[in-house]
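Some notes on the structure that comes next.
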Amino acid sequence: MRTLMLEASSFADIELAAQLLRAGELVAIPTETVYGLAANALDEAAVAKIFAAKGRPQDNPLIVHVYDREQAQSLVKAWPFTAQRLAEAFWPGPLTFILQREERVPGIVSAGLSTLALRVPSHLAAQALLWAAGIPLAAPSANRSGSPSPTLASHVLDDLNGKIAAVLDAGPCAIGVESTVLDLTREIPLLLRPGGVSVEQLESVLGRRIELSPALAHALPTREAAPSPGMKYRHYAPRAQLTLVRGDLRSFFDYAVREKPDGLLVFGSDEISLNLPVLRYGDSPEEQARQLFARLREVDELGWRTVLVRCPPKEGLGLAVYNRLLRAASFREVG
Ligand code: TXA
Ligand code: MG
């Protein structure tokens, strides 16, 4: 199959992408977080193609993207008050709700779970496409299972060229890490994945604390509850072995001198006086989120086998950046 390159700025290309999706084909689409690999969520055979193209484990459920709140409500059995509050505050945007799945959504979308993950993306091309297609779109990140999520159309092609019908190119993704996944089927909302909407933002709108899944890991050892299926897989993983180094630049240097890694992944303005190759991933949490996945791809392109990484802060959007890095490092953290 030849993978078509489509332009999100072209109305004709959006219409073509919508036609392909209605016909049961796979199209990679831009969102504000990362590129998604979309298929008609109500077409079981189309959704099965997503798992095949990505090499995704069959028990890892997908997020369904919808045009608005009304379409979201039509796919779930109940719409709790917390969903209403959070949708008013954060939709369209990088927040995914877990709710009880309505039967007309095929079980394959949720890998057989009785629940469904839903979000309304804020990216204008994604909205235009959802409107033009007129169907809900199941879309995991458009990478090969296990590799870093794509934040450029070229990342999608690197992983999936020839396996999907088209890529709708809209340039770099504005946020750069995936959506926050929040389980709303419980009395107290449970954070399954930190992402584009921060814990602080969620708690401020809800006026109460939320719970953090212990599967977020060693990072957050004190809280407890059940994990999301996706969490058991090694995600965002470059081939290189990453080690996160906590603490200041001085202790980072000390560690680097001792370990002699192939390369360093540091903040944008760190002054590095060591004779080692360096990649940078920004200073603010927003810059770091935007740049992280592209840098992880570069680490592999450069053939680095061992990499020391400056540990980001864990507040706000930083928690999502930290979570992706910790998983890329298979939880190796020192300092
Ligand atoms: O920003 C995003 O969320 C991107 C863009 C394309 O929207 N999508 C994305 O999808 O990151 P994916 O498949 O890479 O990650 C979905 C996560 C997985 O960890 C999965 O296990 C979890 O959401 N998930 C999906 N459905 C679930 C469910 N019913 N219950 C619990 N977790 C679920
Ligand atoms: Mg993914």
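The values are calculated or read from the model by the stated rules, or taken from the named source; none is laboratory data. Because the structure is a prediction, the values reported are computed rather than measured. Backbone-built Cβ (ideal geometry, glycine too); neighbour counts: all protein chains shown. Just the protein is used for accessible areas: all its heavy atoms, side chains included, with ligands, DNA and RNA removed. Shrake-Rupley method; radii C 1.70, N 1.55, O 1.52, S 1.80 Å.
Determine the gain in length on full extension of the stretch SER284-GLU259; use 0.36 nm per residue of separation and subtract their C-alpha separation, reporting nm with one decimal. Computed gain between SER284 and GLU259 is 6.3 nm.
Residues LEU212, LEU113, LEU274 ordered from highest to lowest accessible area at a 1.4 Å probe: LEU113, LEU274, LEU212. A 1.4 Å probe run over the chain, with the rest of the protein chains in place, finds 41 Å² accessible per residue. Relative contact order of the chain: what whole-number percent is it, with Cα pairs under 8 angstrom and at least 6 residues apart? 19 percent.
Ligands, DNA and RNA left out, the accessible area of the chain computed with a 1.4 Å probe is 52% carbon and sulfur.
Treating r as the C-beta distance of ALA45 and GLN19 and R0 as 25 Å, the FRET efficiency rounds to 0.90. Could you tell me which residue out of GLY282, LEU326, LEU265 lies farthest along the dipole of the range 260-335 toward its positive end? Charges go on the beta carbon: Lys and Arg +1, Asp and Glu -1, centred on the Cα centre. Ranked along the dipole, the leading option is LEU326.
Using 0.36 nm per residue and subtracting the Cα-Cα separation, the extra length available between LEU274 and SER74 on full extension is 66.3 nm.
If R0 is taken as 30 Å, the Cβ-Cβ distance between ARG250 and LEU206 corresponds to a FRET efficiency of 0.15. Equivalent ellipsoid of the range 244-331: semi-axes from √(5λ) of the C-alpha gyration tensor, largest first, are 19, 15, 12 Å. Taking label points 7 Å from Cα along the Cα-to-Cβ direction, ASP158 and GLU103 give a separation of 4.5 nm.
Calculated FRET efficiency, ALA52 to ARG186, Cβ-Cβ distance, R0 = 30 Å: about 0.40 to the nearest 0.05.
Between GLU301 and MET1, the modelled label-to-label distance comes to 2.6 nm, taking each label 7 Å out from Cα in the direction of the beta carbon. If the reach is capped at under 29 angstrom between alpha carbons, list the lysines near LYS314, excluding any in the same chain fewer than eight residues apart. Output for LYS314: LYS232, LYS260.
How much net charge surrounds GLU200 when only the other residues with a Cβ under 14 Å from the Cβ of GLU200 are counted, with Lys and Arg +1 and Asp and Glu -1? That sum, taken over residues with Cβ under 14 Å, equals +1.
In this structure the amide hydrogen of THR96, modeled in the peptide plane, comes within under 5 Å of the amide hydrogens of THR180, VAL181, LEU182, none closer than 5 places in sequence on its chain. The Cβ shell under 13 Å around THR306 holds other residues with a net charge of +2, Lys and Arg each +1, Asp and Glu each -1.
Each Lys or Arg adds one and each Asp or Glu takes one away; over the other residues whose Cβ falls under 10 Å from the Cβ of THR31, this sums to -1. Model label sites at SER10 and GLU88, defined 7 Å from Cα along the beta-carbon direction, differ in position by 4.3 nm.
Based on the Kirkwood approach, the hydrodynamic radius assigned to the chain is 20.2 Å, with every pair of different Cα atoms included.
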